[in-house]
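The values are calculated or read from the model by the stated rules, or taken from the named source; none is laboratory data. Computed from a prediction, not measured in an experiment: that's the story for all the values here. When we count neighbours, we look across all protein chains shown, and the Cβ atoms used for this are built from the backbone with ideal geometry, even at glycine. When the accessible area is computed, the model is the full protein with side chains, heavy atoms only, and any ligands, DNA or RNA have been set aside. Shrake-Rupley method; radii C 1.70, N 1.55, O 1.52, S 1.80 Å.
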Amino acid sequence: MLSGMAQPALHVHDLAVVLAGRPVVRRVDLDVRHGEFVTVLGGNGSGKSTLVRAATGLVPTTSGGVELFGAPLGDFRDWHRIGYVPQRPSAASGVPATVREVVSAGRLSRRRLLRRLARADRTAVDAALAAVDLADRAGDSVAELSGGQQQRVLIARALATEPDLLVLDEPTAGVDLAHQRLLTDVLAAHSVRGVAIVLVAHELGPLARLVDRVVVMRDGRVIFDGTPDAEAAAFAHTHDHHHPLDPHVTGLTGADVLGTGWQAGGTR
Amino acid sequence: MSLLSYDFMQRALVAALLTGLAAPAIGTYLVQKRLALLGDGIGHLALTGVALGLLTGQAPLLTAVVVAVAGATLIEVLRLRGKANGDVALALFFYGGIAAGVLLTGLAGGSAATLTSYLFGALTTVSDADLVLVAVLAVLVLGMSLGLAPQLFAVCQDEEHARVSGLRVDVYSVAISVLAAVTVTLAMRTVGLLLVSALMVVPVAAAQQVTRAFRATLALAMVLGVAASTSGVLASFYADTAPGPTIVLVALAGFATASPLGGLLRLRRRTRAPFEDEDRTDAAALVHELTEQHPHQHGEGCGHVAVEHGDHVDYVHDGHRHVPHDDHYDEH
């Protein structure tokens with residue numbers, strides 16, 4: 001394990017992504033170490049979502065490279081070390097499924113074909129459900145839950161994997177403030193245990209006190225990479241405040257603050 | 001059980017049983033992927049396969065399997081590469097398949113009756129050789145859709161998460177399409193190509209009216225599928241109707257029964273469900289709503305449904321919740 005620790009959990013080198021002829025990520029370098037909690041901020045169209053999708057192999061890279069735990073993305077096979085929360089409005093599909101069934105899918109990267117769920121799998125699923133405060137809804141259909149609760153189901157599915165790197169793409173959209181705090185604490189606890197966390201968000205919110213590093217993107221480039229305090233100082237002149245806990249800026253987004261994203265349409 | 005003394009009837013019933021098990025099993029995944037109409041498109045394509053068999057003198061069941069599997073693979077590969085809008089691509093295959101099928105059947109000298117027997121099923125057409133092939137294909141479909149259930153569930157539920165879990169989403173997606181194609185052809189003789197998709201979708205739609213879990217939906221859909229296909233075959237024997245439409249109408253009757261039942265179950269669950277954890281102080285301050293005075297004294301065994309709500313008990317009364325408070329009732 002120690003030899004593995006020498007490598008960063010995620011190593012992104014000179015990465016470029018072009019989608020449908022349009023550059024979305026341009027020459028980005030990013031290293032995330034074990035136990036580091038990094039937030040990627042940016043407005044709509046800043047490329048923050050595409051960056052993490054390219055890092056997990058969901059979007060083809062145009063140039064540059066991605067390494068997960070020292071292995072180039074194409075050769076990486078230890079998918080049980082990655083927990084991923086996609087940006088989705090809902091955890092439901094065309095057929096009913098219980099909360100437990102959806103969260104159990106988080107164990108697939110650790111299960112062999114044609115094997116039943118082992119005790120370790122069930123323990124991990126129970127722990128993940130408890131972590132997002134949904135243990136009492138385990139037997140309910142996900143379609144019956146509210147949007148915020150469904151987001152917590154998707155987060156529980158990633159936690160159930162017991163990953164070494166957690167990648168979350170705007171996981172707290174639609175989650176109420178109390179549960180945002182709860183989730184933040186859960187993530188911080190994982191981070192302390194050595195799990196590397198990359199969290200894409202619109203705004204820092206309750207995360208500010210817990211993240212180690214803030215990466216701000218604009219137009220596909222990293223325009224800031226440093227501590228939350230330094231980020232607050234660096235962007236203080238663009239706007240009085242941009243922490244959403246501040247009552248009179250609630251409703252404003254990172255895009256407003258950074259002055260980007262108005263023309264860009266959907267999240268990239 | 002005199003009808004079981006007919007050989008063709010025994011074969012038709014076994015074929016219906018296998019079809020009734022396999023079609024909803026794979027159909028559950030199609031519905032989950034929101035591709036409920038895929039089976040229809042493949043059915044139309046398989047007609048071209050049947051016609052090729054008639055034209056070349058090969059067994060139509062065999063040529064139908066080959067053409068349907070090839071077409072299903074093509075549709076899925078196009079969809080995965082993002083080259084085809086699923087909706088329009090399916091429509092093109094629909095029309096091409098049925099047009100080529102009818103044209104080629106005509107060239108082969110087949111009559112409208114031949115065509116009808118493939119489109120809507122015919123009890124007397126299941127030969128011993130057919131039955132063996134149907135059994136082999138049914139075992140394949142059931143083995144894959146039950147054995148790989150966790151993987152197929154994950155791929156149909158959330159393709160992106162499945163990919164980051166290291167699953168070969170492309171392989172599983174093509175597998176689902178191929179299994180659907182195989183199912184279409186094995187159902188050809190009992191339900192017919194035009195209606196086979198109904199046996200993949202209708203039992204699933206009926207099952208999910210009353211279920212909350214994926215596994216339960218899958219299992220109940222298979223039970224309903226078998227019930228509809230076997231009773232449909234029996235009914236078509238006595239009423240002298242085409243088996244396909246009979247089976248589908250029986251399945252739809254199942255849906256019509258399940259749907260209001262499901263509505264009742266959901267209502268019952270909702271009235272009895274405890275409230276979400278709410279900020280008690282806020283909620284109590286905002287919603288202190290007094291109900292009208294009424295003579296009834298709520299309490300244990302008063303006949304109203306009791307629901308735990310934090311530190312007290314609510315009583316469901318005409319669809320709202322009452323809680324005793326001093327000399328009156330609050331609405332919760």
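For region B:251-256, just list the computed ³J(HN,Hα) in residue order, Karplus coefficients 6.51, -1.76 and 1.60, θ = phi - 60°, integers in Hz, with x standing in for Gly and Pro.
Ordered by residue, 3J(HN,Hα) equals 4, 5, 4, x, 5, 4 Hz.
Under the √(5λ) rule applied to the eigenvalues of the Cα gyration tensor, what semi-axes describe the equivalent ellipsoid of region B:181-220? Give them in Å, descending.
24, 10, 6
Roughly what % antiparallel, to the nearest 5, for the DSSP beta bridges in the protein assembly as shown?
The antiparallel fraction comes to roughly 60 percent.
To the nearest 0.05, how large is the calculated FRET efficiency for B:ALA306 and A:SER146 if R₀ is 30 Å and r is the Cβ-Cβ distance?
After rounding, the FRET efficiency stands at 0.75.
Taking H as built 1.01 Å from N, whose amide H comes closer than 5 Å to the amide H of A:GLY57, not counting residues under 5 places away?
Placed amide hydrogens put nothing under 5 Å from A:GLY57.
Using heavy-atom solvent-accessible surface (probe 1.4 Å) with all chains present, what is the largest-first order of B:TYR238, A:TYR84?
B:TYR238, A:TYR84
Please work out the Kirkwood hydrodynamic radius for chain B, using every pair of different C-alpha atoms, and report it in angstroms with one decimal place.
About 22.3 Å, per the Kirkwood formula over Cα pairs.
Once you place label points 7 Å from the Cα toward the Cβ at B:SER259 and A:ASP29, how far apart are they in nm?
Distance between the two pseudo-spin positions: 6.3 nm.
Heavy-atom accessible area of B:GLU308 with all protein chains present, probe 1.4 Å, nearest 10 Å²?
130
Would you mind checking the tilt of helix B:214-239 against the longest principal axis of the Cα atoms of chain B, expressed as 0 to 90 degrees and rounded to 10?
50
Given a 1.4 Å probe, how much area per residue of region B:3-197 is accessible, in Å²?
37
In whole Hz, with x marking every Gly and Pro, tabulate ³J(HN,Hα) for region A:56-65 from phi via Karplus 6.51 cos²θ - 1.76 cosθ + 1.60, θ = phi - 60°.
Taking θ as phi minus 60°, the curve returns 9, x, 7, 10, x, 7, 8, 8, x, x Hz for region A:56-65.
Counting every Cα pair in chain A, what percent are over 22 Å apart?
Result: 56 percent of Cα pairs exceed 22 Å.
Treating only the Cβ atoms of Lys and Arg (+1) and Asp and Glu (-1) as charged, compute the dipole magnitude of region B:3-197 about its Cα centre; round to the nearest 20 debye.
Dipole about the Cα centre, nearest 20: 200 debye.
How much mean residue ellipticity at 222 nm does the protein assembly as shown get from its helices, if each DSSP H run of length 4 or more adds -39500 (n - 2.57) and you divide by all residues, to the nearest 500 deg cm²/dmol?
Mean residue ellipticity at 222 nm (helix-derived): -16000 deg cm²/dmol.
Given R₀ = 22 Å, what would the calculated FRET efficiency be for B:ARG266 paired with A:ASP136, taking r from the Cβ atoms and rounding to 0.05?
0.75
Give the interface area between chains B and A as buried accessible surface, both sides summed, probe 1.4 Å, in Å² to the nearest 100.
So the buried area, both faces added, is about 2800 Å².
Name the shape class, rounded, prolate or oblate, that the alpha-carbon gyration tensor gives for region A:50-181, where a ≥ b ≥ c are the square roots of its eigenvalues, rounded holds for a/c under 1.5, and otherwise prolate holds if a/b is larger than b/c and oblate otherwise.
It comes out oblate by the Cα gyration axes.
Does anyone have the angle between helix A:119-131 and the longest principal axis of chain A? Alpha-carbon axes, 0 to 90°, nearest 10?
Orientation of helix A:119-131: about 50 degrees from the principal axis.
Which one, A:ALA131, A:ILE197, A:ALA92, is farthest towards the positive end of the dipole of chain A when Lys and Arg carry +1 and Asp and Glu -1 on their Cβ?
Selected residue: A:ALA92.
Take the alpha-carbon centre of region B:153-199, take the same for region A:39-53, and report the distance between them in whole Å.
Distance between centres, Cα-based: 34 Å.
With a 1.4 Å probe and every protein chain left in place, tell me how much accessible area A:HIS80 has, in Å² to the nearest 10.
Approximately 60 Å² for this residue.
Return the long-range amide H neighbours of B:ARG321 (sequence gap of 5 or more, or a different chain), with a cut-off of under 5 Å between placed amide H atoms.
B:HIS332
Simple spin-label model, 7 Å along Cα-to-Cβ: B:ALA227 to A:ARG112 in nm?
3.9
Sorting B:LEU193, B:LEU148, B:LEU54 by accessible area (1.4 Å probe), largest first, what list results?
So, going from the largest accessible area down, we get B:LEU54, B:LEU148, B:LEU193.
With unit charges on the beta carbons (Lys and Arg positive, Asp and Glu negative) and the dipole taken about the Cα centre of chain B, which residue among B:GLY166, B:LEU13, B:VAL223 sits farthest to the positive side?
B:LEU13
Nearest 10 degrees is fine. How inclined is helix B:7-32 to the longest principal axis of chain B, computing both from alpha carbons?
Relative to chain B, helix B:7-32 is tipped by roughly 50 degrees.
Considering protein heavy atoms only and a 1.4 Å probe radius, which residues within region A:62-97 exhibit an accessible-area decrease of no less than 20 Å² in the full assembly relative to the chain by itself?
By number: A:TRP79, A:TYR84, A:PRO86, A:ARG88, A:SER93, A:GLY94, A:VAL95, A:PRO96, A:ALA97.
Ordering A:LYS48, B:LYS33 by how much accessible area each has at a 1.4 Å probe, largest first, what is the list?
Ranked list, largest accessible area first: B:LYS33, A:LYS48.
With charges only on Cβ, +1 for K and R and -1 for D and E, what is the dipole size of the protein assembly as shown about its Cα centre, in debye, rounded to 20?
Charge dipole of the protein assembly as shown: 2560 debye, to the nearest 20.
Could you give the radius of gyration (one decimal) and Dmax (whole number) of the Cα atoms in region B:3-197, in Å?
Using the Cα atoms of region B:3-197, the pair Rg, Dmax is 16.7, 55 Å.
For chain A, what is the percent of antiparallel DSSP beta bridges, rounded to the nearest 5?
So the antiparallel bridges in chain A amount to around 50 percent.
Taking amide H positions as placed in the peptide plane 1.01 Å from N, state which residues far from A:ASP78 in sequence (5 or more) or on other chains have amide H under 5 Å from it.
HN-HN under 5 Å from A:ASP78: empty list.
So what are the ³J(HN,Hα) numbers for region A:203-213, from phi and the Karplus equation (6.51, -1.76, 1.60; θ = phi - 60°), rounded to whole Hz, Gly and Pro as x?
After applying 6.51 cos²θ - 1.76 cosθ + 1.60, I find 8, 6, x, x, 6, 3, 6, 10, 6, 7, 9 Hz.
So with the 1.4 Å probe, I'd like the accessible area per residue for chain A, rounded to whole Å².
Per residue, chain A has 42 Å² of solvent-accessible surface.
So how much slack lies between B:ALA235 and B:VAL77, counting 0.36 nm per residue of separation and subtracting their Cα-Cα distance, in nm?
52.9 nm
Go through B:GLY109, B:VAL155, B:GLY27 and say which Cα lies farthest out towards the positive end of the charge dipole of region B:3-197; charges sit on Cβ, +1 for Lys and Arg, -1 for Asp and Glu.
After comparing all options, I get B:VAL155.
How high is the relative contact order of chain A, in percent, counting Cα pairs under 8 Å that sit 6 or more residues apart?
28
Please give the Cα centre distance for region A:137-153 versus region B:101-133, rounded to the nearest Å.
The distance from the Cα centre of region A:137-153 to that of region B:101-133 comes to 48 Å.
With the full set of protein chains in place, find how many percent of the accessible area of the protein assembly as shown is carbon and sulfur; take the probe as 1.4 Å.
59
When a/c reaches 1.5 or more, the comparison of a/b and b/c decides; with that in mind, is the protein assembly as shown rounded, prolate or oblate per its Cα gyration tensor?
oblate
Points 7 angstrom from Cα along the Cβ direction at B:LEU140 and A:ARG181: gap in nanometres?
Computed distance between label sites B:LEU140 and A:ARG181 equals 5.9 nm.
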